[in-house]
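Novice: Shown below is the structure under consideration.
What follows is calculated from the coordinates using simple rules that are stated; it is not laboratory data. All figures in this text were calculated on a predicted structure; none of them were measured in a lab. Cβ atoms come from the backbone with ideal geometry, glycine included; neighbour counts cover every protein chain shown.
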Amino acid sequence: MKSLIQSSDTLAEVPRIQRYADRPELKDLFYATQRHERNEAIIAAHVKYGYTLSEIGRYLGIHYTTVSKIIKAQTEY
């Protein structure tokens, strides 16, 4: 089943909840205490695992625009 899910990552017709059914929970992604590690986890959560900016922001207790700014700043290098 996992291989079927992974092969459908690029299909637009597959609902987000099904595309990322095997993604880790946010609590498992945000174990680090260092700021740069947290920022890397934010990027992974959004880009790789499909969490929305709002979901990440709510979990971390920050505004979703702050999450967006972190992603933008880290990916502009």
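Novice: What list of ³J(HN,Hα) couplings, whole Hz, do you get for region 56-66 from phi and the Karplus terms 6.51, -1.76, 1.60, once you set θ to phi - 60° and write x for glycine and proline?
Specialist: 5, x, 4, 5, 8, x, 10, 6, 5, 5, 5
Novice: Moving to a separate point now. Points 7 angstrom from Cα along the Cβ direction at residue 20 and residue 48: gap in nanometres?
Specialist: Here the modelled spin labels are 1.3 nm apart.
Novice: What order do you get for 60-67, 20-27 when each peptide is scored by the mean count of other beta carbon atoms within 10 Å, highest first?
Specialist: Packing proxy ranking, top to bottom: 60-67, 20-27.
Novice: Go ahead and run the numbers for FRET between residue 28 and residue 63, Cβ-Cβ distance against an R0 of 25 Å, rounding to 0.05.
Specialist: 0.65
Novice: For residue 27, go through the aspartates and glutamates and keep the ones whose alpha-carbon is under 18 Å away, minus same-chain ones fewer than eight residues off.
Specialist: Within the straight-line limit of under 18 Å, residue 27 reaches these aspartates and glutamates: 37, 40, 55.
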